[in-house]
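Chemist: This structure is in structure tokens; I'll ask about it shortly.
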Amino acid sequence: MEIIEEINRLRKEKHAVILAHNYQLPEIQDISDFLGDSLELSRKAASTDADVIVFCGVHFMAETAKILSPLKTVILPDLRSGCPLANMVTVQDIKKLRSENPDASVVCYINTSAEVKAECDICCTSSNAVDVVNSLPSNTIVFLPDRNLGNYVSKHTSKKIRLWRIWDGFCPTHENLKAEDVLQLKKQYPDARFVAHPECTEDVLKLADKVTSTSGIIKYVKDEPAKNFIIGTETAILHRLKKENPDKNLIPASRQMFCQNMKYNNLESLYESLLNMEPEIEVPKKIRDKAFLTIDKMLKIGRKD
Ligand code: SF4
């Protein structure tokens, strides 16, 4: 309790806002000022009037907050919080893809570094990927780095998506879910609704009643009049889902859907980071200005779940 009181005191004193992703530890979710998915957190980072943003998520998310709010201090409590998917694409890769596809627009998932975003035409999240692709004048799209999300988008647009043969990015957490796991649970709970994140493999997505982002999953579970739900995304989201739906039975699709990178931030590191105002996230102005345009174009597109 003492540490929570200290965090509360410090956030007030420093005029700080704590933003947390739905995959963070339960205690971090509970203490956050705002809990959401990548798109919701980006919008919040852009609109907050706090002086300090403590970003409880992974590195690319804190970078995105800094790009959108360059005058604010942005802190990531534990710098080990990286994203393996974001690390699967580099600036050199984008340059190569551009030279091989001169007629294409390049769309990057928000799970990319600031340097990569700076080289792309527009970015997207799992909430708005289809809308972003459909908004582009070009008929050919290079989509990266997530092959599963890209494959999902290709099935929901008339545009030609170039990705998986060129690109081989994936989220290890979501690829841990196998179709056999889902089939087994469906046998056990024949009336259950299965809702999956589009970072899951195609085999898994074919079994889903609904494919949607984390905020879409939260909405789906709340709105659907079913009792049993099989949740096909990172298991920490179950904390929020259970709090918001105490009368529903929420079943993780696989206990292997655990992202360690999302669990480095804890109450101790959050407290230390607020106390010392570090580790601070910086993005060089040259990269920031270009990456801002890539993100801002996305934020101007409405969302649908
Ligand atoms: S769940 Fe996947 S995409 Fe999200 S931070 Fe972890 S590795 Fe990256």
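The values are calculated or read from the model by the stated rules, or taken from the named source; none is laboratory data. No experiment lies behind these values; they were computed from the predicted model shown. Using ideal geometry, Cβ is built from the backbone for each residue, glycine included, and neighbour counts are taken over all protein chains shown. In case anyone asks, the SASA skips ligands and DNA or RNA and just uses the protein heavy atoms, side chains included. Shrake-Rupley method; radii C 1.70, N 1.55, O 1.52, S 1.80 Å.
Chemist: Mind checking which residues of the range 285-305 are farther than 27 Å from Thr235 by Cα and open to solvent by 80 Å² or more (accessible area, probe 1.4 Å)? If you could, list the steps in order and put the result at the bottom.
Modeler: Residues of the range 285-305 farther than 27 Å from Thr235 by Cα: 285-302.
Within the range 285-305, Lys285, Lys286, Lys290, Leu293, Lys297, Lys300 meet the criteria.
Chemist: Hey, another quick one. Looking for something at pLDDT below 95, open to solvent by less than 60 Å² (accessible area, probe 1.4 Å) and within 16 Å of the ligand (Cβ to nearest atom) - is there at least one such residue anywhere in the range 192-213?
Modeler: Keep residues of the range 192-213 that are at pLDDT below 95, which gives 213.
Those still in the list that are open to solvent by less than 60 Å² (accessible area, probe 1.4 Å) too: 213.
This time we only want the ones that are within 16 Å of the ligand (Cβ to nearest atom), so: 213.
Within the range 192-213, one or more residues are at pLDDT below 95, open to solvent by less than 60 Å² (accessible area, probe 1.4 Å) and within 16 Å of the ligand (Cβ to nearest atom).
Chemist: Can you name the number of the only condition in (1) within 18 Å of the chain's Cα centre (by Cα); (2) closer than 30 Å to Glu278 by Cβ; (3) part of a loop (DSSP other than H, G, I, E, B) that Pro70 fails?
Modeler: For Pro70, the failing item is (1).
Chemist: Anything in the range 218-240 that is part of a helix (DSSP H, G or I), within 16 Å of the ligand (Cβ to nearest atom) and free of Cβ contacts under 8 Å to residues at least 60 places away in the same chain? List them, or say none.
Modeler: Matches in the range 218-240: Leu238 only.
Chemist: Separate question: Which residues, counting only those in the range 241-272, are more than 21 Å from Pro77 (Cα to Cα), open to solvent by less than 50 Å² (accessible area, probe 1.4 Å) and part of a helix (DSSP H, G or I)? Please lay out each step first, then the result.
Modeler: Quick first cut of the range 241-272, residues more than 21 Å from Pro77 (Cα to Cα) only: 241-257.
If we keep only those that are open to solvent by less than 50 Å² (accessible area, probe 1.4 Å) too, we end up with 241, 245, 248, 250-254, 257.
Residue satisfying the conditions is Leu241 alone.
Each row is one residue, and each column tells you yes or no for (1) out of contact with any strand residue (DSSP E or B) (no Cβ under 9 Å at 6 or more places or on another chain); (2) open to solvent by less than 20 Å² (accessible area, probe 1.4 Å); (3) more than 16 Å from the ligand (Cβ to nearest atom).
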position: Ala62; (1), (2), (3): no, yes, no
position: Met88; (1), (2), (3): no, no, no
position: Lys95; (1), (2), (3): yes, no, yes
position: Ser99; (1), (2), (3): yes, no, yes
position: Glu115; (1), (2), (3): yes, no, yes
position: Cys120; (1), (2), (3): no, yes, yes
position: Asp146; (1), (2), (3): no, yes, no
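Chemist: Quick one: what pairs do we get from the range 48-62, first residue of a type outside the set (A, V, I, L, M, F, W, C), second more than 16 Å from the ligand (Cβ to nearest atom), C-beta under 8 Å, 6+ apart or different chains?
Modeler: As it stands, the answer is Thr48/Val17; Thr48/Ser69; Thr48/Lys72; Asp51/Lys14; Asp51/His15; Asp51/Ala16; Asp51/Lys72; Asp51/Thr73, since those pairs meet every condition given.
Chemist: Cβ-Cβ under 9 Å, sequence separation 6+ or interchain: first residue in the range 102-114 and over 15 Å from Ala62 (Cα atoms) and free of Cβ contacts under 8 Å to residues at least 60 places away in the same chain, partner among the hydroxyl-bearing types (Ser, Thr, Tyr) and away from the ligand (no atom under 16 Å from the Cβ). Which pairs?
Modeler: Once the first residue is over 15 Å from Ala62 (Cα atoms) and free of Cβ contacts under 8 Å to residues at least 60 places away in the same chain and sits in the range 102-114, its partners that are among the hydroxyl-bearing types (Ser, Thr, Tyr) and away from the ligand (no atom under 16 Å from the Cβ) give Asp103/Ser138; Asp103/Thr140; Ala104/Ser138; Ala104/Thr140; Ser105/Ser138; Ser105/Thr140.
Chemist: Additional query: With the structure loaded, tell me whether Ser138 is open to solvent by less than 30 Å² (accessible area, probe 1.4 Å), over 27 Å from Gly36 (Cβ atoms) and not acidic (Asp, Glu) or whether it fails that test. Working first, answer last.
Modeler: Values: open to solvent by less than 30 Å² (accessible area, probe 1.4 Å): yes; over 27 Å from Gly36 (Cβ atoms): yes; not acidic (Asp, Glu): yes.
Spelling it out, Ser138 is indeed open to solvent by less than 30 Å² (accessible area, probe 1.4 Å), over 27 Å from Gly36 (Cβ atoms) and not acidic (Asp, Glu).
Chemist: While we're on this one: Give Val142, Val89 a once-over and let me know the one that is modelled with pLDDT under 95, closer than 30 Å to Ile28 by Cα and more than 15 Å from the chain's Cα centre (by Cα).
Modeler: Val89
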